[in-house]
Amino acid sequence: MKKENSLPAKGQQLRVLSLITLGLLTLSFLWLFYDIYAYLEIRGRSQDVDRLSNLLGAGYIVRVLLFVSSAILLLKAFRRGLRTDITVMAVIASGVVAAIATVFDFAALSDIGHEYLDMGYECAMEWTTLFLSLIIRLFFLFALLLAIIRIMRSLATLKVPAGKAVDEVLFEITQYIGIICGLAGVVFITWSFGALQDFQIKAWHRWLFWFYSAAIIIPYFTVNIYWVVRLAKRKILSLYDEKQKQDIAQSGLATWLISIPLMILVTVATSGSNDSVTVILWFPFYLFSTVLVFSVLLLVRFLKS
Amino acid sequence: MHLHNNIRKLRFDHGEMSQEELAESVSVTRQTIHAVEKGKFVPSTLLAFRIARFFGKNVEEVFYVTDDLQENQ
């Protein structure tokens, strides 16, 4: 009798490792936007260099973990028969360059700390290194995302021919990314609310805030768009099958019901606070919290079935 | 009333067919077949017909209903 609903132990390991790498990838992607912000602030000789440096430093930990995790993932996937194609080659090449660039970033920031901020030198070379490294890292993250999706699809015991069934793997990945992005967004908004209370909000702060909110939600929208494009290429008219549609409808209803008391709580909690901050923050908070709740509920339904 | 089915038996009668293979044949996900088979999800009429037709059976031969009283007995 064929074994159902379970992968062999090694396949399960690879699946868990893929999900961990996916989580680290999403975090690294979000951190990349923080790095841009921090570099621009430091370049503008911000007074807040120490705080900025601390978070930049924390980003290195996430980056190193991602390099280690992706290397192990690729090695295990090769053992399980992953074939080298242009995506895998792009991951390896950009990963090696990005890892080396990480060391150079560290050195460049150290030089900037001493020579740019303390002694007033231009440090043009160091700045160029830092911004080039961001582009390489971005390329690496996109290549790695494609590779992870390929690895997870290969774990399905049966190859799905074009024009047939709806994709389960992408459905699951989308919910994981929704949870990470939603959680990151809620944390970001909560932190911003506390940090901006005594702040005189200017027009450009609003734009910067919208930019960060958009950056946080981009991975979620990207994976959804990728899914739609893939299905369109395979000429499948429906994005979901009937159980997925029912799960989405029930999770959507539950999310809507949860969002009402949640937003009442937010309204009560923010009454009497800095109005200009609340006006900026309420919509991103609503968006991130609903994406988080919806993704959690949908993933639970998916995993339960 | 509860909807039950013989999908598991029919799959094994069809050369130990896996849920993935059946799912692919009726254009749904494996999760959906699994949920239908376990009675966690009531399929649409169309899907019920597709599954029955795939096995070359009438819908009543694949799906059947029991009421609560019948189940308690």
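Checking the stated criteria, A:Phe131 turns out not to satisfy the condition of being crowded, with 20+ Cβ neighbours inside 10 Å, part of a helix (DSSP H, G or I) and not β-branched (Val, Ile, Thr).
Beta carbons closer than 6 Å, at least 6 apart along the sequence or on distinct chains, pair a first residue in segment A:99-125 that is in the same structural domain as A:Gly44 (by TED's automatic domain parsing) with a second that is at pLDDT 80 or above and small (Gly, Ala, Ser) for A:Ala101/A:Ser133; A:Asp105/A:Ser133. Whether a residue is surrounded by 12 or more Cβ atoms within 10 Å (Cβ to Cβ), at pLDDT 90 or above and away from every other protein chain (no Cβ under 14 Å) was assessed, and B:Glu37 does not pass this test.
Okay, residues lined up against (1) under 24 Å from B:Lys38 (Cα atoms); (2) exposed (fewer than 11 other Cβ atoms within 10 Å of the Cβ); (3) away from chain B (no Cβ under 14 Å):
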{"residue": "A:Val229", "(1), (2), (3)": "no, yes, yes"}
{"residue": "A:Ser238", "(1), (2), (3)": "no, no, no"}
{"residue": "A:Lys243", "(1), (2), (3)": "yes, no, no"}
{"residue": "A:Pro261", "(1), (2), (3)": "no, yes, yes"}
{"residue": "A:Val279", "(1), (2), (3)": "no, no, yes"}
{"residue": "A:Val293", "(1), (2), (3)": "no, no, yes"}
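Taking the listed residues A:Val88, A:Val103, the one that is under 21 Å from the mean Cα position of the chain (by Cα) and at pLDDT below 90 is A:Val88, with no other qualifying.
Selection over segment B:10-37 of residues that are farther than 15 Å from A:Leu303 by Cα and polar (S, T, N, Q) gives a count of 4. The C-beta contact set for segment A:201-229 (first residue more than 20 Å from A:Glu168 (Cβ to Cβ), second residue modelled with pLDDT of 85 or more and part of a helix (DSSP H, G or I), distance under 6 angstrom, 6+ apart or interchain) comprises A:Ser213/A:Pro284; A:Ile216/A:Cys181; A:Ile216/A:Ala184; A:Ile216/A:Gly185; A:Ile217/A:Cys181. Do we have any residue at all in segment B:9-30 that's under 23 Å from A:Glu172 (Cβ atoms) and more than 9 Å from chain A (Cβ to nearest Cβ)? Within segment B:9-30, one or more residues are under 23 Å from A:Glu172 (Cβ atoms) and more than 9 Å from chain A (Cβ to nearest Cβ).
Taking every residue in segment A:24-39 that is in a helix (DSSP H, G or I) and pairing it with any residue that is charged (D, E, K, R), at least 6 positions away or on another chain, the pairs with Cβ-Cβ distances below 7 Å are A:Ser28/A:Arg63; A:Leu32/A:Arg137. Any residue at all in segment A:210-218 that is closer than 25 Å to B:Phe41 by Cβ and surrounded by 16 or more Cβ atoms within 10 Å (Cβ to Cβ)? No, segment A:210-218 contains no residue that is closer than 25 Å to B:Phe41 by Cβ and surrounded by 16 or more Cβ atoms within 10 Å (Cβ to Cβ). Any residue at all in segment A:166-177 that's closer than 23 Å to A:Ile20 by Cα, at pLDDT below 75, outside any helix (DSSP H, G or I) and under 23 Å from the mean Cα position of the chain (by Cα)? Yes: one or more hits. In segment B:1-49, of all residues being of a type in the set (Asp, Glu) and in a helix (DSSP H, G or I), the one that is farthest from A:Asp247 (Cα to Cα) corresponds to B:Asp13.
The values are calculated or read from the model by the stated rules, or taken from the named source; none is laboratory data. Just so we're clear, the structure is a prediction, and the values are computed from it rather than from any experiment. So basically every Cβ, Gly included, is an ideal-geometry build from the backbone, and we count neighbours across all protein chains shown.
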